[in-house]
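The values are calculated or read from the model by the stated rules, or taken from the named source; none is laboratory data. Values in this document were obtained by computation on a predicted structure and should not be read as measured data. With ideal geometry, Cβ positions are generated from the backbone for all residues, glycine too; neighbour counts draw on all protein chains shown.
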Amino acid sequence: MSVIEIILDNWPWILIASGFFAGRWAEANHYKSIRIREKTFSQIPVTTTKTFSSTGTVTEAKLCVGSVVVSIDHYKRLLAGLRNIFGGEVTAYSTLLDRGRRESVLRMKAQCPDADMFVNLRLETSTMFKGEGKTTGSLEMMCYATAVKFS
């Protein structure tokens, strides 16, 4: 049996395996990038409250927005479909939300890297695409807050 015959006989499994490994690789690289950038911006506090205490007076306040669209790969979509049958937490979508939330906050902080604090943080999600099977194709995560600078 030649290599071409083996590939032709097993192409669905090869496609599934390559999708699995490509999706894992992409997600791992995204998380690596997120961790590096979170260390860069870790000194800037973010709060969901409208009020804050500070020692100085506010010299500048600016609205900052961060937005990201994250897609789920077909392998995770398949696993999520199986989880819907049997019940339980759909971890494939949990990681999608986690990546989207963290990335959108980082993009918001990147808009005003010299801010002393981000106040009144709000997060919003929306489904960007629904396929024929009514499954989520990608998710938009948006966050916004007021960047504050003190004297």
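Brief remarks follow.
- Residue check for V90: among the hydrophobic types (A, V, I, L, M, F, W, C) and either at pLDDT 85 or above or under 15 Å from the mean Cα position of the chain (by Cα) (or both): no
- Restricting the stretch 3-42 to residues that are basic (K, R) and either within 30 Å of F118 (Cβ to Cβ) or in a loop (DSSP other than H, G, I, E, B) (or both), the residue that is farthest from the chain's Cα centre (by Cα): K39
- Residue list for the stretch 50-68, filter: in contact with a strand residue (DSSP E or B) (Cβ under 9 Å, 6 or more places away or on another chain) and at pLDDT below 90: K50, T51, F52, S54, T55, G56, T57, V58
- Odd one out for S33, checked against (1) surrounded by fewer than 16 Cβ atoms within 10 Å (Cβ to Cβ); (2) more than 20 Å from L139 (Cβ to Cβ); (3) of a type outside the set (V, I, T): (2)
- Taking strands (runs of 3 or more DSSP E) as the structural unit, those lying wholly within the stretch 43-151 and holding at least 1 residues that are surrounded by fewer than 12 Cβ atoms within 10 Å (Cβ to Cβ) and free of Cβ contacts under 8 Å to residues at least 24 places away in the same chain correspond to 117-130.
- Flag if T40 is exposed (fewer than 11 other Cβ atoms within 10 Å of the Cβ) and either under 20 Å from T146 (Cα atoms) or β-branched (V, I, T) (or both): no
- Subset of the stretch 119-146 that is of a type outside the set (S, T, Y) and in contact with a helix residue (DSSP H, G or I) (Cβ under 7 Å, 6 or more places away or on another chain) - its residue that is modelled with the lowest pLDDT: L139
- Within the option set V58, V90, being of a type outside the set (G, A, S) and over 17 Å from M141 (Cβ atoms) holds for one residue only, V58.
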